[in-house]
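The values are calculated or read from the model by the stated rules, or taken from the named source; none is laboratory data. This is a predicted model, so every value here is computed, not measured. Every residue, glycine as well, gets a Cβ built from its backbone with ideal geometry; the counts of neighbours run over all protein chains shown.
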Amino acid sequence: MPLLNSVYRQREAGKPLVTLDDYRAAGGYQALPKVLAEMDPDDLQYEFMRSGLRGRGGAGFPMGKKASFLPKDSQRPKYVVCNADESEPGTFKDREIMEFNPFQLLEGITLAGYAIGAVRGYIYIRGEYEHQARVLDRAVAEARAAGLLGTGLFKSTFDFDITVYRGAGAYICGEETALLESLEGKRGQPRLKPPFPAVAGLYHSPTLINNVETLAALPPIVEKGADWYAGLGTEKSPGTKIFCVSGHVMRPGNYEIVLGETTLRELIFVHAGGLRPGRRVKAVWVGGSSVPPLGEQHLDTPLDYEALAAAGTMLGSGGCIVMDDSGSVVRTTLRLVTFYRHESCGKCSPCREGTSWMEKLLQRIVDGQAGPDDLEMLKALFGRISGRTLCPLAEGAVGPVRTALELFPDDWADALENGVPVPEPMLPVSS
Ligand SMILES: Cc1cc2nc3c(=O)[nH]c(=O)nc-3n(C[C@H](O)[C@H](O)[C@H](O)COP(=O)(O)O)c2cc1C
């Protein structure tokens, strides 16, 4: 069994676990038969809860607790949905788990299915991940042929199968209720909550939705025990987390670290190989593009949920975008807002109209055509968008702008005066 999701080490060692034999040789598919023979579903849920595993898709909600919210007495079928939409800019960890270790994900989904009494699991994968979808299709077929999916798994009474469903490349379809709409064949737009998916999710049935990385962590938790997992990391942030480091670093890539043990500085300078010679860190969006940026003064922050919150940001999806002092916070902020304006599904007017206005004002600033009033108007917009929408997409667009204004006042003053010059094209980095 590979240590948690350390697929990257497997890949670097030239041993991706893409076939069932590879995965079994590495210790895979030992957790599932053990559970089916020895544990009832409630015990397994309790084991998940005791591990302290928190959702890795962004919000960090405890996985076992979420599983416990599904009603036990429902007459409707229950489902597990694996969120593999992974469209947050800077985030590319789920892609590698699916590509290099698909069976660990399948085993994790099956374990989650057993814990909640589900009849079927769905993997909702973003449309652009064609190769990974093919890898998953093959893995599901192989698992089915080997009796690891289907009826009476490991001679038990548990029947469970998995369907791989391809999205069409919309960021909003990563939001759990928009994902469910899309999976039901409708336009991907968020639903009003409550009811939460645990009560009325897919086809109005109780549904457990978790991220790829969350579900792929379940087999090692079951095999090595909740105590072992809870013993890694800090009390409130147990376990390991994959950080996807991109931007101005010498070795961009996925790095799995034990939460709370590694600082942002070590992630950037030790794991990701540091910056180009002579450069300093300007800004880091440590949890994906929807989280407030940090500055150079935050580099010694430990990477865990609490420490990052105390520093004014969020761990989010772990998509760590690094910008050195050759970049412009103002131009990057505009680029991110353009993304959110484009991806806003349009259902809520404050998001649809507000992201568009933010983009227009930021464009004026970047073009050197704005006055102080424009900055004030930008700030006034925040309160008209935040907290007034069905889903947190708009909050993801507003938060980073608000913090960028607070942390880098000189850059905004300079931009208001002179605009922001078009950047030099960047040469590819090499280590
Ligand atoms: C706009 C938006 C996009 C999201 N995209 C993703 C995504 O691509 N993958 C993901 O796992 N969660 C995404 N989420 C979070 C999901 O709504 C949900 O919280 C998550 O799938 C729950 O899984 P977890 O508890 O294992 O993190 C997104 C949320 C929002 C608001």
Quickly run through segment 22-51 and pick out the residues that are touching a Lys or Arg at 6+ places or on another chain (Cβ under 8 Å) and within 16 Å of the ligand (Cβ to nearest atom). Met49
Any residue in segment 124-135 that is farther than 17 Å from Cys173 by Cα sitting within a Cβ distance under 9 Å of a residue that is surrounded by fewer than 23 Cβ atoms within 10 Å (Cβ to Cβ) and hydrophobic (A, V, I, L, M, F, W, C)? List the pairs, counting only those 6 or more apart or interchain. Val135/Val18; Val135/Phe100
Conditions (1) away from the ligand (no atom under 16 Å from the Cβ); (2) assigned to a helix (DSSP H, G or I) -> Leu308 fails only (1)
Residues that are modelled with pLDDT under 95, among the hydrophobic types (A, V, I, L, M, F, W, C) and buried (at least 24 other Cβ atoms within 10 Å of the Cβ): does segment 90-97 have at least one? yes
Take segment 48-89 and flag every residue that is acidic (Asp, Glu) and within 18 Å of the chain's Cα centre (by Cα). Asp85, Glu86, Glu88
Scanning segment 215-234 residue by residue, the ones that are buried (at least 23 other Cβ atoms within 10 Å of the Cβ) and of a type in the set (Ser, Thr, Tyr) total 1
Those residues of segment 130-143 which are touching a helix residue (DSSP H, G or I) at 6+ places or on another chain (Cβ under 6 Å) and either more than 12 Å from Phe100 (Cα to Cα) or buried (at least 23 other Cβ atoms within 10 Å of the Cβ) (or both), in sequence order: Gln132, Leu136, Ala139, Glu142, Ala143
If we ask which residues in segment 174-203 are more than 11 Å from the ligand (Cβ to nearest atom), closer than 18 Å to Thr163 by Cβ and not hydroxyl-bearing (Ser, Thr, Tyr), their number turns out to be 7
Check segment 162-183 and report whether any residue there is more than 23 Å from His131 (Cα to Cα) and touching a Phe, Trp or Tyr at 6+ places or on another chain (Cβ under 7 Å). no
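I'd like to check something: does segment 356-372 contain any residue that is over 20 Å from Leu390 (Cα atoms) and of a type in the set (S, T, N, Q)?
yes
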Residue check for Arg388: within 15 Å of the ligand (Cβ to nearest atom), closer than 24 Å to Ser317 by Cα and surrounded by fewer than 16 Cβ atoms within 10 Å (Cβ to Cβ): yes
Which of the following residues is away from the ligand (no atom under 16 Å from the Cβ) and touching a residue at least 40 places away in the same chain (Cβ under 8 Å): Gly239, Gly278, Gly287, Gly233? Gly233
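To keep it simple, each residue is scored yes or no on (1) more than 16 Å from the ligand (Cβ to nearest atom); (2) among the small types (Gly, Ala, Ser).
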{"residue": "Gly371", "(1), (2)": "yes, yes"}
{"residue": "Ala394", "(1), (2)": "no, yes"}
{"residue": "Arg402", "(1), (2)": "yes, no"}
{"residue": "Asp410", "(1), (2)": "yes, no"}
Six or more apart or on different chains, Cβ under 6 Å: which pairs go from a residue in segment 56-75 that's closer than 22 Å to Phe92 by Cβ to one that's more than 8 Å from the ligand (Cβ to nearest atom) and in a loop (DSSP other than H, G, I, E, B)? Could you list them? Gly58/Gly316; Met63/Leu53
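Can you go through Leu362, Leu336 and tell me which one is within 20 Å of Gly295 (Cβ to Cβ) and without any contact (Cβ under 8 Å) to a residue 40 or more places away in the chain?
After ruling out the rest, the residue left standing is Leu362.
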Residue satisfying all of: in segment 311-324; within 16 Å of the ligand (Cβ to nearest atom) and aliphatic (A, V, I, L, M); farthest from Pro238 (Cα to Cα) among these: Ile321
